[in-house]
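The next block holds one structure in the form of structure tokens; read it before the comments.
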Amino acid sequence: MGTDLPDPDAISLSTILSPRAANLLGRAGIDSVGQLVVYSATDLTGMVQVGQLTIAEITTALAAHGRALAPDPTKSSGATLVERHRALLEQQNKLLALLQRIAVHPRTPKTVRGDINEVMARLDTTLSLEQAALAVREHPW
């Protein structure tokens, strides 16, 4: 009928990791096991103050709960989730910049400008949890 493992989103990292490790991950927006397991060791070591000892602590704590970090990328597996997400964010930013250029171009019909401006006004560009973690990773606290 299922698994005996608890819901990973319900397991707070502060209950299974040292305060230091939980705080480091929390600053990157990673607060639960469910959020943590999408990252690889390579992703996490890119964060400030996350080294091999922290990775060992995380790996041990996750294993005790029947979980593991995402596998590190290989030539066959491709980019990590964080790397793929960063590439999508770059594509999104390029597309938004292009739409803005089209909207202000003098030859763009007013109806098209209006459509672009309407879509841009409704577009949610707030940071997702993963985007916030990327921002922290690229601009360490």
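Across segment 111-136, the number of residues qualifying as modelled with pLDDT of 85 or more, hydrophobic (A, V, I, L, M, F, W, C) and surrounded by 14 or more Cβ atoms within 10 Å (Cβ to Cβ) comes to 1.
Filtered by the rule that a residue be open to solvent by 10 Å² or more (accessible area, probe 1.4 Å), part of a helix (DSSP H, G or I) and free of Cβ contacts under 8 Å to residues at least 40 places away in the same chain, segment 27-46 gives G34, A41, T42, T45.
The values are calculated or read from the model by the stated rules, or taken from the named source; none is laboratory data. What you see is a predicted model, and the numbers here were worked out from it, not measured in a lab. Counting neighbours? That spans all protein chains shown, and the Cβs are built from the backbone with ideal geometry, glycine included. Accessible surface areas use protein heavy atoms only, side chains included; no ligands, DNA or RNA. Shrake-Rupley method; radii C 1.70, N 1.55, O 1.52, S 1.80 Å.
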